[in-house]
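Peer 1: Sharing a structure, written as structure tokens. Questions coming.
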Amino acid sequence: MHKILTGNQAAAWGAMCAQAQVVSAYPITPQTTIIEELADLVDKGMLKAEFIKVESEHSAMAGCIGAQAAGARTFTATSAQGLALMHELLHWAALGRLPIVMADVNRAMAPGWSIWTDQNDSLAQRDTGWLQFYCESNQEVLDTTIQAYRIAEQVDLPVMLILDAFLLSHTSEAVDVPGQEATARYLPPYKPSIYLNTKEPHAFGGIVPQDIYMEFRYKMQVAMDEALEICQKADEEYGAMFGRKYGLVDVYPNDDDDDDDDDKPKAQSQKPKAEFDVMLVTSGTVTSTARYAIDRMREQGLKVGLLKTRLLRPFPTQLLCEAVDGVPKLAVIDRNICVGMGGIWAQEIKAALYHQPYKQRPLVLEYIAGLGGRDITPEIVEQIALDAHKRDKAMDTPKWVGLKE
Amino acid sequence: MPVSLKLENLLRMEHLPHMWCPGCGIGIIVKAMLRAIDAMGWDPRDVAVISGIGCTSRAPGYLNMNTLHTTHGRALTFATGFKLARPDKQVIVISGDGDATAIGGNHLIHSCRRNIDITEIIVNNNIYGMTGGQYSPTTPLGAKAATAPWGMVEPSFDIAKLCIGAGATYVARGHVGSGVQLERLIRGGLKHKGFAIIEALSNCHTQFGRRNKLSDPIELINHIAAKTINVKEAAKISPEEMRGKFAVGILFQEEGREEYCEAYNRLIQRAQATLH
């Protein structure tokens, strides 16, 4: 069934298809319409869930933790300050091995107050033990929500899916909605391995002495390592069932791309067959802009390509290394800033490439753009690509693009 | 509504027009606050107005004083820090009902308990206006909201009673139907030494009224006014007759209880005298 949905509605309809049983949330712009849509779906009887509106984001995550620990499939959504307020409980959900699924609408952190997109809110939660998916389109938001449950419940870790404020959250697109029945064939009912079973009472959240704590953390690391293959498999199987898959990294243009047949699953060869002088690296909606800019540049004979990164945790190190093998230069566009270090995706990518043999290790050029929702236009993307083209050695500090004097 | 030249000095006129909906009660309340500040004869440079998040919390952006627009629910914590650092300054907090009593409810009761010399104006319009009409802790039982399509299921807070119970030493309630009374109640709070709360019943016809057959601002303001009763009249009638009504005026006042900054200072002096 095709529907015209905003990115926020797509997240809500994804949770509806996945039959989330408890939704606990608190309003914050630009996330609010996700939970409003869910309230509406519950009201219309299209989703049989308990809907709780609590008194803060901290309580929203606590509500999900309680419900998930009781054996229910849960969903929540937030943004920026709300996500920051949740921070304590993000750790709790992950260390408690609760497969909660949450949508975060990327919004810049305050002060100064902003409601517009950048990635610092979600990237600041990198080390909480959540898987993180960055989405490019409303369809990807819906599909990733469904995939997220499948992955989370297999590895007993929570999953965050991330969409750009307004560019996705409040922009409408045609979205194919599989519906609950078809989704149920992909996503089996939630059967928790550990939960608060009243017939067999357990204690959760007790004190863990020095001789046990490390093992809990180790098991999380093992689960994260396993998650990578599970994410790939979940995407492959989703593609086989619904005709859409995204890969964990995506190369564009790819010789396997078949623009003539939209019904076929999108081709996913991780290894580029085209030759690139420069490869842009993007996440979120900048990716679509970059695809357009790359088409224009390639018409002019520039060998520019694109690597879309969809997954931050677990980081797809091997896939990334294969995808950029033979590419001399990467231009990483970071819509975020780790002040004192640089763009966050660039740091992740540099770390992933470190153990590559010297000759296979591309030059990583770092660009900061679009903070606080400033537009990243095709012209800005082109400017970055052309700048990267000219360079033959690394920059001392990231280049800020479109900065006012 | 035009402002007098005197009040114009208290506003950042270059930031106007404001972002509130036409007919919003926040304008009446802010104007009452400005008249009260003006009547106190304070230099605006000695006044700090601190807010959290929401429609009401946008007010400090328009005020030509020391203003701080902080995180959701935490205005009182920033204000407490400010007041302890500069007890010589006048500190006013302006919050909405969601900001002050849901996400910030914890800080509200503890500020009451400490009796710190801050005046807080709580604009109670029974709804989260800015984010699109989700129910708040003061949405009346049965009223509709974006997240309560079948009516509010949770009982609501009586903000004034909550603050009296928590230990505030000046608690007043007014409403947008009477800006003059609001000004007088706010002035009383500003004069009071200790934690003062002025609950201002207000209209959000856009988010609350629209869902509850009160979408016309004047109709909603009249509806609010009709539910109010002067505190002296309220004392004469039975609890049954008071049901659904809100007493307005100064509901509680206690002078002479030690103020928090002074108590803290006295403690420092006592500790220093012991140590040296």
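Peer 1: Only one residue in A:Glu153, A:Glu140, A:Glu136 is of a type in the set (D, E, K, R) and assigned to a loop (DSSP other than H, G, I, E, B). Which one?
Peer 2: A:Glu136
Peer 1: Now, a different point. Quick one: in region B:101-115, which of the residues that are touching a Pro at 6+ places or on another chain (Cβ under 9 Å) and crowded, with 23+ Cβ neighbours inside 10 Å is farthest from the other protein chains (Cβ to nearest Cβ)? It would help to see each step written out before you state the result.
Peer 2: At the first step, the residues of region B:101-115 found to be touching a Pro at 6+ places or on another chain (Cβ under 9 Å) are B:101-102, B:105.
Okay, now just the ones that are also crowded, with 23+ Cβ neighbours inside 10 Å, so B:101-102.
Working: B:Thr101: 8, B:Ala102: 4 Å.
Among those residues, the one meeting the criterion is B:Thr101.
Peer 1: Could I ask something else about it? Where in region B:181-255 are there strands (runs of 3 or more DSSP E), lying fully within it, with 1 or more residues that are in contact (Cβ under 8 Å) with a residue 24 or more places away in the chain and at positive phi?
Peer 2: Working: elements: B:196-201, B:228-230, B:246-253.
Because the criterion is at least 1 residues that are in contact (Cβ under 8 Å) with a residue 24 or more places away in the chain and at positive phi, the strands (runs of 3 or more DSSP E) in region B:181-255 that meet it are B:246-253.
Peer 1: Look through region A:1-29, keep the residues that are assigned to a loop (DSSP other than H, G, I, E, B) and of a type in the set (A, V, I, L, M, F, W, C), and return whichever of them is surrounded by the most Cβ atoms within 10 Å (Cβ to Cβ). Reasoning before the result, please.
Peer 2: Quick first cut of region A:1-29, residues assigned to a loop (DSSP other than H, G, I, E, B) only: A:1, A:18-21, A:26-29.
This time we only want the ones that are of a type in the set (A, V, I, L, M, F, W, C), so: A:1, A:18, A:20, A:28.
Working: A:Met1: 9, A:Ala18: 27, A:Ala20: 30, A:Ile28: 26.
Filtering region A:1-29 for residues that are assigned to a loop (DSSP other than H, G, I, E, B) and of a type in the set (A, V, I, L, M, F, W, C), the one surrounded by the most Cβ atoms within 10 Å (Cβ to Cβ) comes out as A:Ala20.
Peer 1: I'm trying to understand the selection: among the residues of region B:171-180, which are under 28 Å from B:Gly133 (Cα atoms) and not in a loop (DSSP other than H, G, I, E, B)?
Peer 2: At the first step, the residues of region B:171-180 found to be under 28 Å from B:Gly133 (Cα atoms) are B:171-179.
B:Val171, B:Ala172, B:Arg173, B:Gly174, B:His175, B:Gly179, listed by residue number.
Peer 1: Somewhere in region B:108-125, is a residue modelled with pLDDT under 95 and among the hydroxyl-bearing types (Ser, Thr, Tyr)? Can you show your working first?
Peer 2: So the first thing to find is which residues in region B:108-125 are modelled with pLDDT under 95, and the list is none.
Within region B:108-125 (the criterion being modelled with pLDDT under 95 and among the hydroxyl-bearing types (Ser, Thr, Tyr)), the answer is no, since none of the residues qualifies.
Peer 1: In this structure, does A:Gly402 turn out to be at pLDDT 95 or above and small (Gly, Ala, Ser)? First the steps, then the outcome.
Peer 2: Working: at pLDDT 95 or above: no; small (Gly, Ala, Ser): yes.
Against the criterion (at pLDDT 95 or above and small (Gly, Ala, Ser)), A:Gly402 does not qualify.
Peer 1: Can you name the residue in region B:116-154 that is more than 14 Å from chain A (Cβ to nearest Cβ) and without any contact (Cβ under 8 Å) to a residue 24 or more places away in the chain and, of all such residues, is farthest from B:Gly244 (Cα to Cα)?
Peer 2: Ranking the candidates gives B:Gly142 first.
Peer 1: Any idea which of A:Thr29, A:Thr74 is polar (S, T, N, Q) and more than 21 Å from A:Asp143 (Cβ to Cβ)? Walk me through it before giving the result.
Peer 2: On the way: A:Thr74 fails: more than 21 Å from A:Asp143 (Cβ to Cβ).
Going through A:Thr29, A:Thr74 in turn, just one is polar (S, T, N, Q) and more than 21 Å from A:Asp143 (Cβ to Cβ): A:Thr29.
Peer 1: Right, something else. Quick one: B:Ser95 ticks every box in (1) free of Cβ contacts under 8 Å to residues at least 40 places away in the same chain; (2) within 21 Å of B:Gly174 (Cβ to Cβ); (3) of a type outside the set (D, E, K, R) except a single one, so which number is it?
Peer 2: (1)
Peer 1: Follow-up question, since we're still on this one. Run down A:Thr117, A:Thr78 and say which single residue is of a type in the set (S, T, N, Q) and closer than 20 Å to A:Gly63 by Cβ. Lay out the reasoning, then the answer.
Peer 2: Numbers: A:Thr117 fails: closer than 20 Å to A:Gly63 by Cβ.
Only one candidate passes the filter, namely A:Thr78.
Peer 1: Could I ask something else about it? Report yes if some residue within region A:165-174 is surrounded by fewer than 16 Cβ atoms within 10 Å (Cβ to Cβ), farther than 17 Å from A:Ala80 by Cα and without any contact (Cβ under 8 Å) to a residue 12 or more places away in the chain; otherwise report no.
Peer 2: Checked against the condition, which is being surrounded by fewer than 16 Cβ atoms within 10 Å (Cβ to Cβ), farther than 17 Å from A:Ala80 by Cα and without any contact (Cβ under 8 Å) to a residue 12 or more places away in the chain, region A:165-174 yields no hits at all.
Peer 1: Show me the strands (runs of 3 or more DSSP E) found entirely inside region A:47-124 where at least 3 residues are within 14 Å of another protein chain (Cβ to nearest Cβ), buried (at least 24 other Cβ atoms within 10 Å of the Cβ) and of a type outside the set (D, E, K, R). Give the derivation first.
Peer 2: Details: elements: A:50-53, A:74-79, A:101-106.
Fully inside region A:47-124 and qualifying: A:74-79.
Peer 1: Is there a residue in region A:30-42 that is assigned to a loop (DSSP other than H, G, I, E, B), within 13 Å of another protein chain (Cβ to nearest Cβ) and surrounded by 24 or more Cβ atoms within 10 Å (Cβ to Cβ)?
Peer 2: We begin by selecting, within region A:30-42, every residue assigned to a loop (DSSP other than H, G, I, E, B); these are A:30-31.
Subsequent filtering for residues that are within 13 Å of another protein chain (Cβ to nearest Cβ) retains A:30-31.
Okay, now just the ones that are also surrounded by 24 or more Cβ atoms within 10 Å (Cβ to Cβ), so A:30-31.
So far as region A:30-42 goes, yes, one or more of its residues are assigned to a loop (DSSP other than H, G, I, E, B), within 13 Å of another protein chain (Cβ to nearest Cβ) and surrounded by 24 or more Cβ atoms within 10 Å (Cβ to Cβ).
Peer 1: Considering B:Cys21, B:Cys55, which residue is touching a Pro at 6+ places or on another chain (Cβ under 9 Å) and in contact (Cβ under 8 Å) with a residue 40 or more places away in the chain? Even if it seems obvious, please write down each step before you answer.
Peer 2: Values: B:Cys55 fails: touching a Pro at 6+ places or on another chain (Cβ under 9 Å).
Sole residue among the options that is touching a Pro at 6+ places or on another chain (Cβ under 9 Å) and in contact (Cβ under 8 Å) with a residue 40 or more places away in the chain: B:Cys21.
Peer 1: Here's a check for you: in region B:68-99, which residue that is small (Gly, Ala, Ser) and touching a Ser or Thr at 6+ places or on another chain (Cβ under 9 Å) is farthest from the other protein chains (Cβ to nearest Cβ)?
Peer 2: In the first step, residues of region B:68-99 are kept if they are small (Gly, Ala, Ser); the result is B:73, B:75, B:79, B:81, B:85, B:95-96, B:98.
Filter again for touching a Ser or Thr at 6+ places or on another chain (Cβ under 9 Å), leaving B:73, B:75, B:79, B:95-96, B:98.
Working: B:Gly73: 7, B:Ala75: 14, B:Ala79: 16, B:Ser95: 14, B:Gly96: 12, B:Gly98: 8 Å.
Here the residue is B:Ala79.
Peer 1: Scan region A:317-327 and give yes if some residue there is buried (at least 21 other Cβ atoms within 10 Å of the Cβ) and within 29 Å of A:Thr29 (Cα to Cα), otherwise no.
Peer 2: Checked against the condition, which is being buried (at least 21 other Cβ atoms within 10 Å of the Cβ) and within 29 Å of A:Thr29 (Cα to Cα), region A:317-327 yields no hits at all.
Peer 1: Do you know which residues across region A:13-53 are of a type in the set (A, V, I, L, M), in contact (Cβ under 8 Å) with a residue 40 or more places away in the chain and within 19 Å of B:Gly133 (Cα to Cα)? Spell out how you get there, then give the answer.
Peer 2: So the first thing to find is which residues in region A:13-53 are of a type in the set (A, V, I, L, M), and the list is A:15-16, A:18, A:20, A:22-23, A:25, A:28, A:34-35, A:38-39, A:41-42, A:46-47, A:49, A:52.
Next cut, in contact (Cβ under 8 Å) with a residue 40 or more places away in the chain only: A:15-16, A:18, A:20, A:22-23, A:25, A:28, A:34-35.
Listed by number, the residues that qualify are A:Val23, A:Ala25, A:Ile28, A:Ile34, A:Ile35.
Peer 1: For A:Leu365, work out the one condition from (1) buried (at least 20 other Cβ atoms within 10 Å of the Cβ); (2) part of a helix (DSSP H, G or I) it doesn't fulfil.
Peer 2: (2)
Peer 1: Can you work out which of the residues in region B:173-188 that are buried (at least 24 other Cβ atoms within 10 Å of the Cβ) and in contact with a Phe, Trp or Tyr (Cβ under 8 Å, 6 or more places away or on another chain) is farthest from the other protein chains (Cβ to nearest Cβ)?
Peer 2: First, the residues of region B:173-188 that are buried (at least 24 other Cβ atoms within 10 Å of the Cβ): B:173-176, B:182, B:185-186.
Applying the additional criterion that residues be in contact with a Phe, Trp or Tyr (Cβ under 8 Å, 6 or more places away or on another chain) yields B:173, B:175.
On the way: B:Arg173: 22, B:His175: 25 Å.
Result: B:His175.
Peer 1: Filtering region A:347-380 down to residues that are farther than 18 Å from A:Leu280 by Cβ and hydroxyl-bearing (Ser, Thr, Tyr), which residue is modelled with the highest pLDDT?
Peer 2: A:Tyr354
Peer 1: Does region B:40-96 hold any residues that are in contact with a Cys (Cβ under 9 Å, 6 or more places away or on another chain), surrounded by fewer than 18 Cβ atoms within 10 Å (Cβ to Cβ) and part of a helix (DSSP H, G or I), and which are they?
Peer 2: Within region B:40-96, the subset in contact with a Cys (Cβ under 9 Å, 6 or more places away or on another chain) is B:55, B:83-84, B:87, B:96.
Now restrict to residues that are surrounded by fewer than 18 Cβ atoms within 10 Å (Cβ to Cβ): B:84, B:87.
Residue satisfying the conditions is B:Leu84 alone.
The values are calculated or read from the model by the stated rules, or taken from the named source; none is laboratory data. Quick caveat, the model's predicted, so the values are computed rather than measured. Note that we place each Cβ from the backbone using ideal geometry, even for glycine, and neighbour counts take in every protein chain shown.
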